[in-house]
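Before any comments, here is the structure.
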Amino acid sequence: MISNQILQNTIEGLKAITRIDLCVIDTEGNVLASTFLGAEEYQDSVLAFVESPADSQVLSGHQFFKVYDEHQCEYILLANGGSDDVYMVGKIAAFQIQNLLIAYKERFDKDNFIKNLLLDNLLLVDIYNRAKKLHIETEVRRVVFILETKQEKDSITLENVRSIFGNKTGDFITAVDEKNIIVVKELGLNDGHDEMEKTAQMILDSLGSEKGLGAHIAYGTIVNEIKEVSRSYKEARMALDVGKIFFNDRDIIAYSSLGIGRLIYQLPIPLCKMFIKEIFEGKSPDDFDEETLTTINKFFENSLNVSETSRQLYIHRNTLVYRLDKLQKSTGLDLRIFEDAITFKIALMVVKYMKYMETLDY
């Protein structure tokens with residue numbers, strides 16, 4: 001429901017306009033928000049007013065109003081003074097808080113719907129029926145972003161992300177666990193990769209420099225119907241995991257850029273071990289010294305170009321050729337041959353994947 005801070009901000013704003021003190025108290029007499037001190041002394045009056053049939057009443061020179069949530073008294077609003085002007089301000093304040101209740105309840109209902117939609121907990125017919133009741137468009141372009149930070153998410157982080165999108169009714173910000181924030185973003189007809197990258201960067205920037213350190217964001221592909229949103233969520237989820245293995249130097253990772261890493265991620269570990277054993281005959285790339293690994297990685301970065309690789313490594317071309325020959329003798333793979341280079345590259349990625357999965361087992 002509405003947080004005490006929201007209630008406090010609301011009545012402080014009203015006081016700044018009307019110069020009339022206000023206080024919000026629950027039906028058990030607990031002060032939730034107030035613009036003046038000593039509101040606790042009205043507890044007995046509030047409890048008596050809760051039991052009365054009246055919706056508003058003047059008690060001890062103060063106006064009391066009941067604020068309802070679907071015919072159920074949720075709050076008592078107290079306005080300081082007994083004049084007609086105070087009564088009018090009190091009615092306006094009670095009306096404002098009641099509208100906040102409705103808005104937050106609708107957002108809560110939408111939040112539950114989006115969560116169940118992402119997790120595939122809804123039947124197809126329920127998706128469209130509930131979307132219609134909640135006034136959610138079913139046939140618009142959407143994409144799912146997942147934000148993961150090092151620490152568990154808090155309400156401030158969630159609100160910071162929400163503030164980026166303002167009150168756009170087509171965007172939804174929620175969470176299905178304690179570590180990630182999920183954004184279901186509505187896109188325009190011409191929005192594509194560039195717009196999604198900008199949105200991802202804006203989300204990261206909203207965290208600030210301290211919280212943004214070590215944060216990652218991933219996003220899926222664009223879907224055109226609401227029933228497909230869960231697919232974009234699963235893609236973003238996979239992109240986040242695969243990104244940690246093969247693209248840990250990137251803060252933002254798109255599902256469409258995962259390449260062969262996406263396939264390797266779905267391989268069973270026993271098959272990976274068998275593949276590595278066949279390629280390296282019981283050895284592992286971990287057994288290579290730092291010089292060899294640096295040479296291999298730089299050679300791949302330069303698309304198997306011997307001249308450019310030797311230049312960037314500040315070594316003679318013949319030295320690089322010697323290292324590649326030495327690697328060929330120990331592994332049977334000549335990285336200057338495209339097919340062998342592909343095999344070697346995949347093997348290195350498989351080893352990375354296996355090492356990552358081992359860390360999850362501990």
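A compact globular protein would have a Cα radius of gyration near 2.2 N^0.38 Å; the ratio found for the stretch 217-271 is 1.18.
Counting only the backbone N, which residues of the stretch 1-36 are under 20 Å from the spot 7 Å out from the Cα of SER83 toward its beta-carbon? Hits in the stretch 1-36 for SER83 at 20 Å: 12-23, 35-36. Over the stretch 251-351, the ratio between the Cα radius of gyration and 2.2 N^0.38 Å evaluates to 1.15.
FRET efficiency for ASP126 and GLU28, Cβ-Cβ distance as r, R0 = 35 Å, nearest 0.05? Working shown, then result.
Values: r = 37 Å, r/R0 = 1.05.
It comes out at approximately 0.45.
Solvent-accessible area of ILE245, all protein chains in place: 10 Å² (probe radius 1.4 Å, heavy atoms, ligands and nucleic acids excluded).
Label separation (LYS133 vs GLN5): 3.1 nm, computed from points 7 Å beyond Cα along the C-beta direction.
Evaluated at q = 0.26 Å⁻¹, a Debye calculation over the C-alpha positions of the stretch 293-332 (equal weights, vacuum) places log10 I(q)/I(0) at -0.84.
On a 24 Å Cα-Cα criterion, which of the cross-link pairs LYS105/LYS132; LYS115/LYS227; LYS329/LYS355; LYS277/LYS352; LYS132/LYS185 come out too long?
Working: LYS105/LYS132 17 Å; LYS115/LYS227 13 Å; LYS329/LYS355 26 Å; LYS277/LYS352 15 Å; LYS132/LYS185 18 Å.
Exceeds cut-off: LYS329/LYS355.
A straight line joining the Cα centroids of the stretch 315-351 and the stretch 127-148 runs 49 Å.
222 nm [θ] for the chain, helices only, -39500 (n - 2.57) per DSSP H run of 4+, per residue, to 500? Write out the running numbers ahead of the final one.
On the way: 14 runs with 193 residues, N = 362.
Mean residue ellipticity, 222 nm, calculated: -17000 deg cm²/dmol.
Taken over the alpha carbons of the stretch 109-252 as equal point scatterers, the Debye sum produces base-10 log I(q)/I(0) values at 0.08, 0.10, 0.15 Å⁻¹ of -0.20, -0.31, -0.72. When DSSP beta bridges are restricted to pairs lying wholly in the chain, around 90% turn out antiparallel. Among the listed values (i) 21.2; (ii) 25.3; (iii) 20.5, the one matching Kirkwood radius over Cα pairs in Å as calculated from this structure is (ii). By the equivalent-ellipsoid construction on the alpha carbon gyration tensor, the stretch 118-197 comes out with semi-axes of 23, 18, 12 Å, ordered largest to smallest. For the stretch 1-118, the Kirkwood estimate of the hydrodynamic radius, built from every pair of different alpha carbons, is 14.6 Å.
Set the Förster radius R0 to 45 Å, insert the Cβ-Cβ distance between MET274 and HIS71 as r into 1/(1 + (r/R0)^6), and round the FRET efficiency to 0.05.
0.10
Multiply the residue gap between ASP251 and ALA103 by 0.36 nm, knock off their C-alpha separation, and tell me the result in nm, one decimal place.
Taking 0.36 nm per residue and subtracting the Cα distance, the gain is 49.8 nm.
For the stretch 11-127, the carbon plus sulfur part of the accessible surface works out to 51%, probe radius 1.4 Å.
Projecting label points 7 angstrom from Cα along Cα→Cβ for ILE342 and ASP44 puts them 8.7 nm apart.
Legend: residue pairs LYS110/LYS150; LYS179/LYS244; LYS198/LYS244; LYS273/LYS298; LYS91/LYS133, Cα-Cα distance threshold 23 Å; pairs beyond threshold, LYS110/LYS150; LYS273/LYS298; LYS91/LYS133.
The values are calculated or read from the model by the stated rules, or taken from the named source; none is laboratory data. Please read all numbers here as calculations on a predicted model, not as lab measurements. Ideal geometry is used to build each Cβ from the backbone, glycine not excepted, and the neighbour counts take in all protein chains shown. In case anyone asks, the SASA skips ligands and DNA or RNA and just uses the protein heavy atoms, side chains included. Shrake-Rupley method; radii C 1.70, N 1.55, O 1.52, S 1.80 Å.
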